[in-house]
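Here is the structure we will look at, set down as structure tokens.
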Amino acid sequence: MNIAPKMPTWQKRTITIGGLLLAVPGLFLALGYFFLILILLVEGDLDEIGVSLASFTLMAVSLGAGGVAFWQGLRSLQGKRSKALYLPPVWMLASLFGLLVVMGLVVSQNELAPALLFPPILLLIAALPPLTAMSWFIEQKTAGLTWRGGLLAFAGGATINVFIALILEILFPVIILALVFGLADLVLANVEALFEALAGEDVASALTNPSFIYIFIQVVIIAPLAEELAKPLVTLPLVGRVARREAFLIGAMAGAGFAALENVIYAGFGFYFWAGILVVRALGGAIHPLGSGLVALGWRDVLQNEANAGVKWFARYGIAVGMHALWNGGSLLIITLAGAQFFGELPPEIDVLGLSAAGTTLALLIILGLAAFWLGRAIGQSTKLPLEVERENARPDFVLSDRAVAIWALACLVTIVPAGIAGLQLLVK
């Protein structure tokens with residue numbers, strides 16, 4: 001299958017040139033990383049992971065994504081055909097994830113040259129959960145996604161889309177809030193109080209601290225709105241020319257690339273708990289691919305001028321944002337309450353619906369993550385027809401079970417809101 005007829009020549013040239021411009025700095029970063037490792041080796045500081053991890057990540061993103069874009073763009077210009085994407089089975093990827101987590105723990109805790117060995121291990125661990133979700137969506141190898149389309153979407157999601165999301169969710173909101181409301185001074189003044197509340201196990205002070213409230217707004221409201229809008233943008237030149245299922249899978253691959261780099265960022269900022277962070281985020285490995293795929297599917301309908309395309313786009317965008325917000329909110333609540341030792345000493349107190357507060361919140365996150373896997377599988381396996389036949393016989397009224405999605409979302413809301421109320425009641429007792 002060939003991606004060449006789907007894109008104008010100028011777009012292929014743009015991808016090729018852009019990939020080259022991104023890969024060239026990656027070569028210099030690779031050289032700098034090599035000398036950094038030599039310096040650490042000579043000075044005997046191979047346990048300094050922070051600088052090494054940041055350098056290796058920048059090198060991998062620049063050289064890897066740029067190299068993929070340049071090579072695939074060049075092959076497309078030459079009219080080279082691209083085969084259907086194949087991913088290992090879910091069980092194999094999940095087993096590899098567990099094995100790499102163990103290896104990472106051994107390397108980091110036993111100081112086995114972690115600055116040299118740990119960065120590539122961490123990047124592989126971070127990429128496996130979203131790729132596992134994609135393997136589940138496409139059932140390893142099915143019509144609808146080529147290596148070229150998948151690799152370009154993954155690389156674009158990990159570079160361009162992350163950059164756009166950072167601008168939307170960090171720079172603009174912070175500048176606006178600081179200029180209009182003067183919130184920056186208030187937040188900075190209360191950061192120390194937030195850490196003191198966590199250290200002193202003062203749950204009420206931690207949850208009502210202005211810094212926590214701002215972080216909650218940033219993570220639960222601003223981040224989902226910005227990220228779900230940014231994740232599929234790199235796929236716009238392509239999704240308008242393909243069938244529905246292919247548009248969803250290409251968008252999902254862009255979300256997988258976005259999730260991989262985001263996992264690295266989260267693990268880097270919370271390095272002492274990197275294994276726990278990545279394991280929890282692995283439970284929601286399908287959140288980013290699914291949301292990006294849904295929004296890309298909406299863009300496909302808009303670009304093809306289908307009936308009610310705008311309404312469908314907003315519906316899919318709302319579903320993606322809602323799932324993302326629920327996941328981020330639950331994760332942030334668990335991290336904050338755990339930091340304040342709200343869940344108590346083991347064994348935890350049994351007082352919420354017969355379950356511990358920690359277990360209840362974590363169970364809701366697991367349910368949300370599994371639902372994302374199920375929904376992505378349902379859409380990804382909606383048809384296995386060859387693309388040419390699918391384009392000819394695609395039904396215009398096919399809306400990807402939006403009614404089922406809405407029912408599921410309502411069920412999540414009905415489940416999570418009472419649990420949240422029960423948790424708040426505990427705080428005021």
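The values are calculated or read from the model by the stated rules, or taken from the named source; none is laboratory data. Treat the numbers as computed from the prediction; the structure is a model and nothing was measured. When we count neighbours, we look across all protein chains shown, and the Cβ atoms used for this are built from the backbone with ideal geometry, even at glycine.
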Failed condition for Ile366, given (1) at pLDDT 80 or above; (2) more than 18 Å from the chain's Cα centre (by Cα): (2)
Within the stretch 259-300, considering residues that are out of contact with any Gly (no Cβ under 6 Å at 6 or more places or on another chain) and without any contact (Cβ under 8 Å) to a residue 40 or more places away in the chain, the one surrounded by the most Cβ atoms within 10 Å (Cβ to Cβ): Gly298
Residue ID - surrounded by the fewest Cβ atoms within 10 Å (Cβ to Cβ), chosen from residues in the stretch 112-135 that are of a type in the set (Val, Ile, Thr) and closer than 19 Å to Ala54 by Cα: Ile121
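From the list Leu27, Leu38, Leu22, Leu96, which one is modelled with pLDDT under 85, more than 19 Å from Gly268 (Cβ to Cβ) and in a helix (DSSP H, G or I)?
So the residue among Leu27, Leu38, Leu22, Leu96 that is modelled with pLDDT under 85, more than 19 Å from Gly268 (Cβ to Cβ) and in a helix (DSSP H, G or I) is Leu38.
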Condition met for Leu326 (assigned to a helix (DSSP H, G or I), modelled with pLDDT under 80 and not acidic (Asp, Glu)): no
Check on Leu87, assigned to a helix (DSSP H, G or I) and closer than 30 Å to Gly276 by Cα: no
Members of the stretch 140-157 found to be crowded, with 23+ Cβ neighbours inside 10 Å and at pLDDT 85 or above, listed by number: Arg148, Gly149, Gly150, Leu152, Ala153, Phe154, Ala155, Gly156, Gly157
Pairs where the first residue, in the stretch 76-99, is over 19 Å from Ser135 (Cβ atoms) and the second is not in a loop (DSSP other than H, G, I, E, B), C-beta under 6 Å, 6+ apart: Ser76/Ala4; Ser76/Lys12; Leu77/Lys12; Gly79/Ala4
